[in-house]
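Sharing a structure below in structure tokens format, with a few things to ask.
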């Protein structure tokens, strides 16, 4: 945020310059009127042409300055918001997978939308108004000091009291704003869950339950907002009361100074105009702490994202070594892993295994035993806590992380498609893929004939998360994407577990094609899908407790045999 502000500081400087010119033009014009008034009251002969011309010049200068001030102020706000959104988006894309896993979509979305809007309010309203008020008060104060020093002393006498009141109110408002933002995160999360889970929600008649959850969060938001409004309103009333008292004394003192001959009637008139001009800016400067502290909550929430360490890029290995003597593709030695939120429980505990080039191996086990975590560590989404992970003969830490991930193609049971065209979703598998390559990948994935039967063919929009397609169709598009990526290692997270028999057959045929010449690693829930695996690892309690092919494991009459018997 600081960089964005500095990068566009020339716009802020222009805003300050034209604000100063505006303020000076008003004071100079005011001087012309005061002089004309005094000359008239003293009986001197005056010519309006002597005053009208310079007064009109000041009006034109002031109007032009006000316009340019407004333009550069808004430009500054817009440019800072744009730069922050761009840099924040880039930074988010580089954050570790664990950050998104822990924070949740609701909190991140709220920060990207609501908190940045609040930041925009700071740069478009609060900061410009604060600077305008400072410039206005400074120029007017210099003018009034030249007129009568005691007027300024009386005017500012009560402002220490205002500072104390503003400080207490702003602290309370900041606390309420922080709670309000937390409730907004929760509201976004609940709404997001309700939309994403609409099929489940309607199937189980959960409408009222979801509505009640969202209503409760909204009630909390309204409650916090009402408290904040009451305190803000109290601050506004106190500001006006405290500001008005010294003004009354100033007017009385100015009248006294006229009677003593120390200031003229024209100067009194000028004083009245200037006093009205700086009356509210002085109060706004003092109570600006309220707005700054409120917006400061959003700025801190945005800064929290910037403070997150980016995912490390890794080492210098960018390609699979062609001259490696080992045929080993993956080797794990005593790998330990736990999530930060559950340090007391190891998800993987001393896990060791090796996979040779061209092998098809499988991991099986009960729910929560760590199978999916293995995939996350293989792709570098999380880092192991202990042990050694070797990929194509080199420690994983020595690999460039992006290049290491290029070694893997993932086909998951939970397919994610972007709300774009079929062509665009398949093309994510390879940068600058040609139409011919995309079509060939879709043919291999058994989805081409279906695509060309659609009215818009490959330009068909798939909808949010591919909602306009069936589960089997989404799965085959993801397989086409994996075909296009053509990585040496294929990770299959039970891709046929949530489709019907007809779709399963087509998917299985596509997987057999994509598996040719590849090292294949399968997470299996249906044990019937791993019968042909060269080696099966049975995972329990974060460890590999059994190992062998299908027949060997059945003969052991252990966990695998028990799982297979249960179907």
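We did not get these values from a lab; they are worked out from the coordinates using the rules stated. From a predicted model like this one, the values you see are computed outputs, not experimental measurements. Positions of Cβ are backbone-derived with ideal geometry, glycine not excepted, and every protein chain shown enters the neighbour counts.
For segment 340-403, what does the alpha-carbon gyration tensor say about shape, rounded, prolate or oblate, given a ≥ b ≥ c as the root eigenvalues, a/c under 1.5 as rounded, and a/b over b/c as prolate?
Taking the square roots of the gyration eigenvalues as a ≥ b ≥ c, segment 340-403 is oblate.
In addition: Hey, could you get me the Stokes-Einstein D for segment 60-122, Kirkwood radius over alpha-carbon pairs, 37 °C and 0.692 mPa s, rounded to whole µm² s⁻¹?
Estimated diffusion coefficient is 237 µm²/s.
Between rounded, prolate and oblate, where does segment 464-550 land on the alpha carbon gyration tensor, with a ≥ b ≥ c its root eigenvalues, rounded for a/c under 1.5, else prolate if a/b exceeds b/c?
Verdict is prolate for segment 464-550.
Express the C-alpha Rg of segment 89-142 as a ratio against the empirical globular expectation 2.2 N^0.38 Å, rounded to two decimals.
Compactness ratio reported: 1.84.
A further question follows. Based on the Cβ-Cβ distance of residue 357 and residue 292, what FRET efficiency does E = 1/(1 + (r/R0)^6) give at R0 = 60 Å, to the nearest 0.05?
0.50
Ordered by packing density, taken as the mean number of other Cβ atoms within 10 Å over each peptide's residues, highest first, how do 252-261, 415-424 rank?
Highest-to-lowest ranking by the protection proxy: 415-424, 252-261.
Fewest to most neighbouring Cβ within 10 Å: what's the order for 399, 332?
Lowest to highest Cβ neighbour count: 332, 399.
Would you order 75, 143, 67 from fewest to most other beta-carbon atoms within 10 Å of each residue's own beta-carbon?
By the 10 Å Cβ count, ascending: 67, 75, 143.
Where does each of 9, 540, 65, 409 land when they are ranked from fewest to most other beta-carbon atoms within 10 angstrom?
Going from sparsest to densest Cβ surroundings: 9, 540, 65, 409.
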